[in-house]
1. Where q = 0.13, 0.17, 0.33 Å⁻¹, what log10 of I(q)/I(0) comes from the Debye formula for the stretch 122-167, counting one point per Cα?
2. Answer with one residue from SER1, VAL123, GLY41: the one whose Cα lies farthest towards the positive end of the charge dipole of the chain, charges on Cβ with Lys, Arg +1 and Asp, Glu -1.
3. Between GLU136 and SER1, what is the label-to-label distance in nm when each label sits 7 Å out along the Cα-to-Cβ direction?
4. Using a 1.4 Å probe on the protein heavy atoms, what percent of the accessible area of the chain belongs to carbon and sulfur?
5. Of TYR48, TYR142, TYR83, which has the most accessible area with a 1.4 Å probe, and how do the rest follow in descending order?
6. Can you find, among PHE113, SER94, LEU161, the residue sitting farthest towards the positive end of the charge dipole of the chain, where Lys and Arg contribute +1 and Asp and Glu -1 at Cβ?
7. List, largest first, the extents of the alpha carbons of the stretch 1-58 along their principal axes, each in whole Å.
8. Please tell me which of these pairs span more than 32 angstrom C-alpha to C-alpha: LYS31/LYS137; LYS55/LYS108; LYS49/LYS132; LYS31/LYS153?
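The values are calculated or read from the model by the stated rules, or taken from the named source; none is laboratory data. Please read these numbers as outputs of a predicted model, since none were measured by experiment. In this analysis, Cβ positions are derived from the backbone assuming ideal geometry, glycine residues included, and neighbour counts consider all displayed protein chains. Areas reflect the complete protein model, heavy atoms only, side chains present, ligands, DNA and RNA absent. Shrake-Rupley method; radii C 1.70, N 1.55, O 1.52, S 1.80 Å.
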Amino acid sequence: SGIGFMALQDNSGTPSLSTTLAMLSYAYHFKISKFAEIRMGAQIGYGYKSIDMSKLVLNDQLYYNTPTSFDPSVTNMNNHIGYLDLNTGALLNSATYWLGFSAQHINKPNISFSQSEGNNQPVDISVHGGYKFIREKKGSRYTEYFSPTFNYKHEAKFDQLDIGAYY
């Protein structure tokens, strides 16, 4: 077993968009045979985003050179939000093959300042694997092998497939 903690702070842009994330992780692995094991883990975290609306520069300020104050109530926006985030993953691993998956944001947290429906973070799914074709072995050590691999990622309407190989 293993436990971990991650903290992230990001400040970006002129309107002082700030994101803070704290995640607690738990991992476990167990053998299913002499040469194979399963590793799995989960994360739970809390995210907090804030923005300083007074630092926004709007188009009419640039065009007319007049100060404009932004009223977030006009757009039903909050200047801060908090959300729960859940992630998980697993890996079947052996001396010659591996196959795993991960899923992030499985609870689809709403990370929009407007908090309107349909602005949820999409689930990010990854499936990855590979196989070692052994060409030469000395004792218990593989000295030469060819290993094709793949990584498929899916988030919302976007898909990506990476294919590669090691020699």
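1. Summing over Cα pairs of the stretch 122-167 leads to -0.43, -0.58, -1.08.
2. Of the listed residues, the answer is SER1.
3. Modelled inter-label distance: 4.5 nm.
4. 58 percent
5. Sorted descending by solvent-accessible area, the residues read TYR48, TYR142, TYR83.
6. My answer, from the dipole projection, is SER94.
7. Taking max minus min along each principal axis of the Cα atoms, the stretch 1-58 gives 63, 16, 11 Å.
8. LYS49/LYS132
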